[in-house]
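Below is one structure, written out as structure tokens; the observations come after it.
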Amino acid sequence: MNALADKIAIVTGASSGIGRATALLFAREGARLVVTARRQSELDRLLAEIEQAGGEAVSVAGDVKDEALAKKLVDTAVDRFGGLDVAFNNAGSNGAMGPVPEVSLAGWRDTLDTNLTSAFLGAKYQVPAMVERGGGSIIFTSSFVGHTVGFPGMGAYAASKAGLVGLMQVLAVEFGARGVRANAILPGGTDTPMFAANQPGAAPGTRSFVEGLHALKRIASPEEIARSVLHLASDASSFTTGAALLVDGGVSINRT
Ligand code: NAP
């Protein structure tokens, strides 16, 4: 039996990296999907791949900072597929980088809006739809940065990712009695376009330096993170709520 048979899911940040890998895995595990990101061309490519593999998905392109998008995603899940069981609020960016005194207020606000306010907007519309169905699973992509590790130059990012854990814990207690579980996944370094060593102009040696920070001495593939998201989305984690789940290759505890 597929882990997400008969489930309906929203995945944000589905055009790339962790979100894309998770959308493909969710579809393979039987979920019907509403996927979103800003780049329609990448969503089209994802939809073609899902359909080719026998899955079912629809895309709604937009910016996660936009409240109208948050509502439209849920409306689409309900109108097209009949409800909502799972939401993976994953879209995010590194945002304004640099020592805190050098971060502009505009950059700070944009980072918080993209990574944290977007998740609040998502939950605001997703949770009532899940309650309507008698429960569901909502998952946020946080990070070890801002939870177990202070990374220089990432003040706005760290604050946004720590904020997600607080939001998730409150949702877990507000809606647990109505069957809605809320959890966060905290990936370690993951091989996506966002990863420092994959940024244009990255200093030579960045990849091996970051790999060395992890106990496993490597970074994750997006598919490895997706498998842990699937666990939180599916009934395999039916007694897990309010958890900040480190899937970080030991970067949080490594001292070697
Ligand atoms: P990625 O490949 O760059 O994917 C980021 C995704 O977010 C893309 O699909 C992007 O789509 C979407 N996105 C960004 N800003 C958006 C906006 N304003 N509106 C709508 N969509 C937006 O990076 P990733 O590593 O998979 O990142 C996914 C999540 O994992 C992020 O929240 C990130 O903070 C977190 N994370 C990553 C790592 C890592 O090492 N890679 C570690 C810990 C946590 P469009 O550009 O098409 O809009």
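Values quoted throughout were computed directly from the atomic coordinates according to the rules given, and no laboratory measurement underlies them. Just so we're clear, the structure is a prediction, and the values are computed from it rather than from any experiment. Virtual Cβ from ideal backbone geometry, glycine too; neighbours counted across all protein chains shown.
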Which residue, of SER41, SER93, is surrounded by fewer than 16 Cβ atoms within 10 Å (Cβ to Cβ), within 11 Å of the ligand (Cβ to nearest atom) and assigned to a helix (DSSP H, G or I)?
SER41
Out of everything in the range 141-160 that is touching a residue at least 60 places away in the same chain (Cβ under 8 Å) and within 18 Å of GLY122 (Cβ to Cβ), what residue ends up being nearest to the ligand (Cβ to nearest atom)?
THR141
Test GLY62 against the criterion of being part of a loop (DSSP other than H, G, I, E, B) and surrounded by 20 or more Cβ atoms within 10 Å (Cβ to Cβ), and give yes or no.
no
Within the range 142-180, residues surrounded by 17 or more Cβ atoms within 10 Å (Cβ to Cβ), out of contact with any Ser or Thr (no Cβ under 9 Å at 6 or more places or on another chain) and on the phi > 0 side of the Ramachandran plot come out as none
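Restricting to the range 186-228, name every residue that is near the ligand (Cβ under 8 Å from one of its atoms) and within 19 Å of TYR157 (Cα to Cα). Outline the logic, then answer.
Restricting attention to the range 186-228, the residues satisfying the condition of being near the ligand (Cβ under 8 Å from one of its atoms) are 186-196, 219-220, 222, 225.
Once the filter is applied, which keeps residues that are near the ligand (Cβ under 8 Å from one of its atoms) and within 19 Å of TYR157 (Cα to Cα), the range 186-228 yields LEU186, PRO187, GLY188, GLY189, THR190, ASP191, THR192, PRO193, MET194, PHE195, ALA196.
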What residue, among those in the range 115-140 that are in contact (Cβ under 8 Å) with a residue 60 or more places away in the chain and within 17 Å of ASP235 (Cα to Cα), is farthest from the ligand (Cβ to nearest atom)?
SER137
